[in-house]
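One structure is given here, and the rest of the page talks about it.
What follows draws every value from the coordinates through simple rules; no lab data is involved. Since the model is a prediction, treat every value here as computed from it, not as a measurement. We place every Cβ from the backbone using ideal geometry, glycine too, and count neighbours over all the protein chains shown.
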Amino acid sequence: MSSSVTLDPKLRAKVFPGAILERRERNRLPRQYYLIVCEGTKTEPNYFGALRMKLPGDMIKRIIIEGAAANTLTLIKVAEKECDRRRRSGEPPYDKVWLVFDKDSFDDDKFDNAISSAKSHTESGKCEWQ
């Protein structure tokens with residue numbers, strides 16, 4: 001059986017003079033902030049809130065969930081308003097904004113308009129739905 005012993009870098013330099021000492025790179029991902037705006041005021045916020053509570057503690061504070069009780073296009077306005085408020089407050093901006101609504105609750109025109117409007121509010125023009 002072999003076991004490995006990790007030496008303190010300063011001690012290692014004394015024991016192995018001339019050895020190239022390397023620092024480990026930090027593998028921490030940059031902090032990201034998320035906004036989830038839901039059509040409903042209870043079911044969806046409760047669902048995402050329960051999921052959020054399963055995440056590590058430092059991540060919980062970076063996910064904001066709002067129940068808007070609004071239609072598809074109004075959800076976009078609620079998200080814009082919250083993003084503007086956050087920007088003015090000096091807090092870090094949201095990296096991702098999710099709008100959660102039930103497509104069955106709205107006719108195709110309203111859904112298509114919401115998707116088109118959401119695309120126009122992103123830098124990449126990217127918008128996904130399921």
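Listing for the model above:
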item	result
Chymotrypsin sites (Phe, Trp or Tyr not before Pro) lying in DSSP loop within the range 49-130, provided at most 13 other Cβ fall within 10 Å	TRP129
Cleavage-rule hits (GluC sites (Glu not before Pro)) in the range 40-130: DSSP loop, at most 10 neighbouring Cβ within 10 angstrom	GLU123, GLU128
Debye intensity ratio I(q)/I(0), log10, the range 28-120, q values 0.13 Å⁻¹ (C-alpha model)	-0.47
Candidates per trypsin sites (Lys or Arg not before Pro) in the range 53-130, loop by DSSP, up to 11 other Cβ within 10 Å	LYS54, LYS61, LYS126
Within-14-Å neighbourhood charge of ALA50 [Cβ basis; K, R +1; D, E -1]	+2
